[in-house]
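We did not get these values from a lab; they are worked out from the coordinates using the rules stated. Being a predicted model, the structure only gives us computed values, none of them experimental. All Cβ positions, even for glycine, are placed from backbone atoms using ideal geometry, and neighbour counts span all protein chains on display.
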Amino acid sequence: MIEVENCGPFKCETVIQADPDATAALRESAPLGKYNALKTYTNRNHLAFDELSDIWSTSETLFDFVNGVYNLPFYKALFFTLTYTFLVAPSVLILGLFIALGVNRLPQLVKGPTIFASLLPMIVTPLIGSLILFWMVDADGIIGATLQLIFDNPDLSLKASAPLTWIMLIIYGIWHSTPFAFVVFYAGLQTVPSDTLEAAQIDGASRWQRVRFVIVPYMMPLAIFILLMQLMDGLRVFEPIVGFSASAKATSLSWIIFNDLFGNAKLYGSAAATSMLTIIFVCIILTPVLIRTWRDFNRKGI
Amino acid sequence: MASSFKNRAPLLTWFATSMVVLWLLIAIGPFIWTVWGSFKVQGDFFSKADWRNAIYGVMTIVETGDSFTGDGYHGAWIEEEFWFNVLNTAVVVFFTVTISLTMGTLGGYALARSGFRYAFWLLILALIFRAMPHITLVSGYLLPFFEWNVWGKLSTTIVVLVAINQPFTLWMLHSFFLNIPKDMDESAMVDGCTRFQAFRHVIIPVMWPGVITTGLFSFLLAYNDFAITSMLLSSENQTMVPRIASFLGSVREQGNVMFAVAAVVSAIVPLFFLVLFFQRQIVSGLTAGAVKG
């Protein structure tokens, strides 16, 4: 940077301009577009090995360390993505099973409309579903205003605090995914053999014991299937963060990629690095299923 | 479960029913609330004073003279030209579903009948690509699209959506064709049909249930997509969902949140009818993978 005097017809002013010679020299010594090896993966915005070891050596307690790591964008997103996935998936399983058991007891006439209504949260576009909930929890929306009334705190805003934003996103996730678990469990309940249930009843099993020792084991393969789908969906969580405008408080891996690519600064390299890391995570989580598919395929006898 | 041995415990029945009713309130309540509120003015839908204003429309009567108003819809569809985005969505969805079903049926049939080992690896690849977050693929697409100057066009988006959708259609139709007995097309071939004739005269007449189910899910993917359409379409050419997202930024400032609410409700209506008419197919499609596995 050099200072240049720009003299117009009325006055002279000093402006700072890029020095063409210096720029050329800089280009010479450190050219742009140089092969970067794996540095994009290890820089501060991704795996951040240097920063990690730095934080490890400076922080005194484990809490400090976690706090420091949380400030790195990639790990922050990873924290949220994993928390979201591992809180939503089990809740969805349990809730879905109970709703399926409940709906199964209903008279035939209302089952159809009930399933219809239950499907809606899952079918509706994620962004639109999250917007609908977002407007309801808005400070002036019905739920937001009611919460303010209950806690008698007119400044209470679900959007302003990080933990509340996380809770909101996780509740949205449960709302969005429960129908899937419900439908699968409900279809499974239709195929539970009634002989086994009757046998259990004759042996004196209570209603709860029949659920616990007959229905739940029978549902186990379905539960694993749902869990797998939930893991896949949880790892790609993205739309609710845009819908709830929650990016300041909670980011996910997909959101980082989106943010890198969106707008004018197109950070292809950075986005690609995050993409690859995400893909590796997905593959690790999927490995058990892949092995099972391999076995199934061989059993098919080809 | 046979209901003959169910000695109904009234307390349990009461508990189960109330839980289902609570779930229904949670599941569908937000939609009813938003649809109802979309016919009000902003002062009612986001009522600081009293939430019951949104039900009776106190401010709406003051501002427009009636307790229902179509202002939000007028603003969204005509002033903000939302109809154009709806047309775009229709084009994208129609072509995505048609192309991916055509390729999916042929490919799924081939994979189901093929005895080669590579069929397995193709399916595994399909499974992995299906599990990936969609946006991870976009980062690879963007740069070439800019270089070839095809970014921002509907046709580009359709191609990418088909590509993303294809693993799913392949899996679904592959397992569906496995359930059609091999004997059917083999006996047709014994009778002198070529492979393609066997497919046309024997398989096509019986494949519609599976194709309709797969088509529904392709429709949902194309219709609900936000990550790809928002990245690949220029702002003049957007489909509904990214348009709604970009509404949010602009309408907040102008105080026209009701435009966005109306647009959201408009986007829900087709999905509502989809579930209404195809509930059975959606349920069977959701459970297909589970029951099979």
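A Cβ-based charge dipole, computed about the Cα centre of segment B:167-240 with Lys and Arg at +1 and Asp and Glu at -1, lands at about 40 debye. For A:SER206, B:SER139, the sequence from fewest to most other C-beta atoms within 10 Å is A:SER206, B:SER139.
Spin-label pair B:ARG280-A:LEU106: with each label point 7 Å from Cα along the Cα-Cβ axis, the two points sit 1.9 nm from one another. Segment B:88-118 and segment A:138-167 have Cα centres separated by 46 Å. For chain B, the relative contact order works out to 24 percent when only alpha carbon pairs closer than 8 Å and six or more residues apart are counted.
Overall, segment A:73-199 carries a charge dipole of about 220 debye about its Cα centre when +1 sits on the Cβ of Lys and Arg and -1 on the Cβ of Asp and Glu, all other atoms neutral.
What translational diffusion coefficient, in µm²/s and rounded to a whole number, does the Stokes-Einstein relation yield for segment B:91-156 at 4 °C and a viscosity of 1.567 mPa s, taking the hydrodynamic radius as the Kirkwood radius over Cα pairs? Before the final figure, lay out each step's value.
Values: Rh = 14.3 Å.
Once the numbers are plugged in, D ends up at 90 µm²/s.
Since only A:ILE167, A:SER91, A:ILE143 are under comparison, the one whose Cα sits farthest along the positive direction of the charge dipole of segment A:76-299, derived from C-beta charges on Lys, Arg, Asp and Glu, is A:SER91. With coordinates expressed along the principal axes, the C-alpha atoms belonging to segment B:145-293 extend over 70, 41, 26 Å, beginning with the largest.
Counts of other chain beta carbons within 10 angstrom of each beta carbon in peptide B:256-265 average 2.
Run through every distinct alpha carbon pair of segment A:126-206 and return the Kirkwood hydrodynamic radius in angstroms, one decimal place. Write out the running numbers ahead of the final one.
Numbers: mean 1/r = 0.0628 Å⁻¹.
Hydrodynamic radius (Kirkwood, Cα only) of segment A:126-206 equals 15.9 Å.
How big is D, in µm² s⁻¹, for the protein assembly as shown by Stokes-Einstein at 4 °C and 1.567 mPa s if Rh is the Kirkwood radius over C-alpha pairs?
Details: Rh = 27.2 Å.
For these conditions, the coefficient is 48 µm²/s.
Each Lys and Arg adds +1 at its Cβ and each Asp and Glu adds -1 at its Cβ; summed about the Cα centre, the protein assembly as shown shows a dipole of about 2520 debye.
For segment B:9-75, just run the numbers: alpha carbon Rg, then divide by 2.2 N^0.38 Å, N being how many residues it has. The partial results should precede the final answer.
Values: Rg = 16.7 Å, N = 67, 2.2 N^0.38 = 10.9 Å.
Here the answer is 1.53, to two decimals.
In Å³ and rounded to a whole number, note down the convex hull volume per residue for the Cα atoms of segment A:39-91.
Numbers: hull volume 3.8 nm³, N = 53.
Hull volume normalised by residue count: 72 Å³.
Can you show me the helix-derived [θ] at 222 nm for the protein assembly as shown, built from DSSP H runs with n ≥ 4 at -39,500 (n - 2.57) apiece and divided by the number of residues, rounded to the nearest 500.
Working: 30 runs with 431 residues, N = 595.
Estimated from H runs of four or more residues: -23500 deg cm²/dmol.
Can you give the Kirkwood hydrodynamic radius for segment A:76-299, in Å, rounded to one decimal and based on Cα pairs? Could you put the intermediate results ahead of the total?
On the way: mean 1/r = 0.0501 Å⁻¹.
Taking every pair of different Cα atoms in segment A:76-299, averaging 1/r and inverting gives 20.0 Å.
Taking the centroid of alpha carbons for each part, segment B:256-270 and segment A:237-290 are 27 Å apart.
Using only Cα positions of segment A:58-118, each an equal point scatterer, no hydration layer, compute I(q)/I(0) via Debye at q = 0.16, 0.23, 0.29 Å⁻¹ and quote the log10 values to two decimals. Log10 of I(q)/I(0), two decimals: -0.67, -0.93, -1.08. Sorting A:SER91, B:SER67 by the number of Cβ atoms found within 10 Å of their own Cβ, with the fewest placed first, yields B:SER67, A:SER91. For the peptide B:136-149, the mean number of other protein chain Cβ atoms found within 10 angstrom of a residue's Cβ is 4.
Using a cutoff of 8 angstrom between alpha carbon atoms and counting only pairs six or more residues apart, the relative contact order for segment B:122-253 works out to 35 percent.
From largest to smallest, the equivalent ellipsoid semi-axes obtained for chain B from the alpha-carbon gyration tensor read 43, 30, 16 Å.
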